[in-house]
Amino acid sequence: MAKSLLIISRQAPWAGPGAREALDIALAGGAFDLPIGMLFLDDGVFQLAPGQQPQSLEQKDLSANLQALPMFGVEELFASQHCLDQRGIRQLTLPAVCVGDAEISALIDRYEQVITL
Amino acid sequence: MATLHVLSHSPFTDSRLSSCLRIIGPDDGVLLCGDAVYALQQDSALQQTLERMPDSIGMYALQEDLQARNIDAGKRANAIDYPEFVELSCRFAKVNSWL
Amino acid sequence: MDCLTGQTMKFAIALFSPPHSPSSRRALRFAQAALSSGHEIVRLFFYQDGVHSASSSVVSNQDELDVAAQWRELLTTHQLDGVVCIAAALRRGVLNAEEAERYARNAASLEAPWELSGLGQLHEASQMADRLVCFGGN
């Protein structure tokens, strides 16, 4: 039985390679058919905000990679309701399940390993 | 399946510790290292918050970081060395470092 | 599975910070303590800015701690498996001789015992290990 891994992505999308490199861990795990979950927390929820135009910063489109998550078998996607509310984000570009703080605690319990980036 | 949360950023300039305390489970542990030990700064509001945390939550701080910064672990936190850090990471089911 | 019962644990250690960061030194001391306590380190995986902690181009003053050198020494002494993420390393200019030649760069800064490989190695390590412990940030 493969060990499950939860990746908690806390980085805003355009603050450097952090968000993309966290996502790459998830995609690589998915490519190996590992049970991977991804939780967007703190500024990480900005990755899911609609209408972003990274071209204006001469950056590649992170959302294309995010959309690839389900194709790579990473279907357990979560976003912190508290962090979304705090930032006024109502619409998400990914089918992530919005979870409250207590649910996040249970979520971390459910996975065998966790990486918070 | 309790988690050891490891923090290393100053709680006065960074939101990691407050996020961690928001989602922490009842049997989880917190290990403060690096600038995160400033959370134990005497008479700070944070120190008082940490002291009010339920007893079931283990509170630890890396001794070398306390000593370097002249911070006392206080009554609530246990000062630990590296062998004890290793032991804690065995005792908890997983380690969640807030990088 | 539990060191309280005296059994050895298998650790995968991932580092995300450069050698001048306190967390690189902290990871090093943790790794040394784990080995001293009789545990096994199945792999060290350096990712993001952690790739700099494997660089052989770091020059420290004589009276300063040379964390990159200590990592190298730890790997050699204990014959540990040390993997540096290739994509993260190329992006940050940490190349071994083979990659320097491939991309026509005039300097290589990654040497054996470090190896460049992909993120799959991080996943493989965490599958092999009882505990994945990450170090980074401050």
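A short reminder: the numbers here are calculations on the coordinates, not readings from a lab. Predicted model only: the values in this text are computed from it and were never measured. All Cβ positions, even for glycine, are placed from backbone atoms using ideal geometry, and neighbour counts span all protein chains on display.
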Problem set entry | ³J(HN,Hα) computed for each position of region A:58-67 - Karplus, 6.51 cos²θ - 1.76 cosθ + 1.60, integer Hz, glycine/proline x | 6, 10, 6, 7, 5, 5, 4, 5, 4, 5
Exercise. Which are the unpartnered cysteines of chain B, meaning those with no other cysteine Cβ under 4.7 Å from their Cβ?
Worked result: B:CYS20, B:CYS33
Seminar exercise, completed: The helix C:67-78 Cα axis meets the longest alpha-carbon principal axis of chain C at an angle in degrees, between 0 and 90 and rounded to 10, of 60
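Counting other beta carbons within 10 Å of each residue's own, what order do A:GLU103, C:GLU98 fall into, fewest first?
Neighbour counts put them in this order, fewest first: C:GLU98, A:GLU103.
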Problem set entry | Long-range amide H partners of B:SER15 with built H, under 5 Å | none
Exercise. To the nearest 10 degrees, how steep is helix C:22-36 against the longest Cα principal axis of chain C, on a 0 to 90 scale?
Worked result: 50
Exercise. Short version: ³J(HN,Hα) in whole Hz for each residue of region A:93-106, in order, from phi by Karplus 6.51 cos²θ - 1.76 cosθ + 1.60 (θ = phi - 60°), x for Gly and Pro, what are they?
Worked result: 8, 10, x, 8, 7, 7, 10, x, 4, 5, 5, 5, 4, 5
Seminar exercise, completed: Other residues with Cβ under 13 Å from the Cβ of A:ALA2 give, with Lys and Arg +1 and Asp and Glu -1, a net charge of -2
Exercise. Can you give the charge dipole size of region C:3-135 about its Cα centre, rounded to the nearest 20 debye, using +1 on the beta carbon of Lys and Arg and -1 on the beta carbon of Asp and Glu?
Worked result: 320
For this session: Per DSSP H run of at least 4 residues, take -39500 (n - 2.57); add these up for chain A, divide by its residues and hand me the 222 nm value, nearest 500 deg cm²/dmol.
Result: -10000 deg cm²/dmol
For this session: Rounded to the nearest Å, what's the spacing between the alpha carbon centres of region A:53-117 and region C:1-74? Just the number, please.
Result: 30
Problem set entry | chain B - charge dipole about Cα centre, Lys and Arg +1 at Cβ, Asp and Glu -1, debye rounded to 20 | 280
For this session: In a Gaussian network model over chain A where Cα atoms closer than 10 Å are linked, find which of A:ALA106, A:ALA49, A:ALA28 has the largest mean-square fluctuation.
Result: A:ALA106
Exercise. When every alpha-carbon pair in region B:3-97 is counted, what percent end up more than 19 Å apart?
Worked result: 31
Seminar exercise, completed: For region A:1-111 (alpha-carbon point model, no solvent) the Debye-based log₁₀ I(q)/I(0) at q = 0.12, 0.18 Å⁻¹ works out to -0.38, -0.86
Exercise. Could you give the dipole magnitude of the protein assembly as shown about its Cα centre, charging the beta-carbon of Lys and Arg +1 and that of Asp and Glu -1, in debye to the nearest 20?
Worked result: 400
For this session: Could you work out the Rg to Rh ratio of region C:20-82, with Rh taken as the Kirkwood radius (inverse of the mean 1/r over all Cα pairs)?
Result: 0.95
Problem set entry | For the protein assembly as shown: rounded, prolate or oblate by the Cα gyration tensor [a/c cutoff 1.5] | rounded
Exercise. What is the local net charge at C:GLU99, summed over the other residues whose Cβ is closer than 14 Å to its Cβ (Lys, Arg +1; Asp, Glu -1)?
Worked result: 0
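From the gyration tensor of the Cα coordinates in region A:53-112, what semi-axes in whole Å does the equivalent ellipsoid have, largest first, with each one equal to sqrt(5λ)?
On the way: eigenvalues 118, 58, 17 Å².
So the equivalent ellipsoid measures 24, 17, 9 Å along its semi-axes.
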For this session: Beyond 19 Å, what share of the Cα-Cα pairs of chain C is found? Please give it as a whole percent.
Result: 48
For this session: Amide H neighbours of C:SER60 under 5 Å, at least 5 residues apart or on other chains, H built in the peptide plane: list them.
Result: none
